[in-house]
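Here the structure is laid out as structure tokens; the discussion comes afterwards.
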Amino acid sequence: MAQRAARTLAASACPPAHVVGLSVGGMVAQSLALQSPASVRSLVLVGTSCHVSPAASEALEARARAVETALERQLVSGRL
């Protein structure tokens, strides 16, 4: 998920971002800051952890893919 966020920031050509992560988003934000530090101006973490097990990481990635697929379908159908 951090890689997706980094690609989105890079594609938008915006300056380094103020990133806020809540819960699982905090883990994603931490990964983003580590993987792409030039993209992050500041980092705010709320109710998060610094570790996620490999199994939980796979489950979260699958969930993110499912949400992306659902959003793409809605965009194509004009419902979003």
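The values are calculated or read from the model by the stated rules, or taken from the named source; none is laboratory data. All of these numbers come straight from a predicted model, not from anything done at the bench. A quick note on method: Cβ atoms are made from the backbone with ideal geometry, for glycine too, and the neighbour counts reach across all protein chains shown. Note: accessible area is taken over every heavy atom of the protein model, side chains too, but ligands, DNA and RNA are not part of it. Shrake-Rupley method; radii C 1.70, N 1.55, O 1.52, S 1.80 Å.
Among the residues of the stretch 1-22 satisfying the criterion of being of a type outside the set (A, V, I, L, M) and under 19 Å from Arg65 (Cβ atoms), which is most open to solvent (accessible area, probe 1.4 Å)?
We begin by selecting, within the stretch 1-22, every residue of a type outside the set (A, V, I, L, M); these are 3-4, 7-8, 12, 14-16, 18, 21.
Remaining after also requiring under 19 Å from Arg65 (Cβ atoms): 3-4, 7-8.
On the way: Gln3: 120, Arg4: 51, Arg7: 146, Thr8: 92 Å².
Of everything passing the filter in the stretch 1-22, Arg7 is most open to solvent (accessible area, probe 1.4 Å).
For the stretch 52-80, enumerate the residues that are surrounded by 11 or more Cβ atoms within 10 Å (Cβ to Cβ) and assigned to a loop (DSSP other than H, G, I, E, B).
Val52
Using beta carbons and a limit of 6 Å, which pairs, at least six apart or on different chains, have the first residue in the stretch 41-68 and at positive phi and the second one surrounded by 11 or more Cβ atoms within 10 Å (Cβ to Cβ) and part of a loop (DSSP other than H, G, I, E, B)?
Gly47/Ser23
Quick check on Glu72: is it over 16 Å from the mean Cα position of the chain (by Cα) and not aromatic (Phe, Trp, Tyr)? Walk me through how you get there before you give the answer.
Numbers: over 16 Å from the mean Cα position of the chain (by Cα): yes; not aromatic (Phe, Trp, Tyr): yes.
The answer is yes for Glu72.
Out of the residues in the stretch 23-51 that are in a loop (DSSP other than H, G, I, E, B) and more than 24 Å from Thr69 (Cα to Cα), state the one that is least open to solvent (accessible area, probe 1.4 Å).
If we filter the stretch 23-51 for residues that are in a loop (DSSP other than H, G, I, E, B), which is where we start, we get 23, 36, 47-51.
So of that shortlist, the ones also more than 24 Å from Thr69 (Cα to Cα) come out as 36, 47-51.
On the way: Ser36: 26, Gly47: 69, Thr48: 53, Ser49: 52, Cys50: 119, His51: 129 Å².
So, considering only residues that are in a loop (DSSP other than H, G, I, E, B) and more than 24 Å from Thr69 (Cα to Cα), the one least open to solvent (accessible area, probe 1.4 Å) is Ser36.
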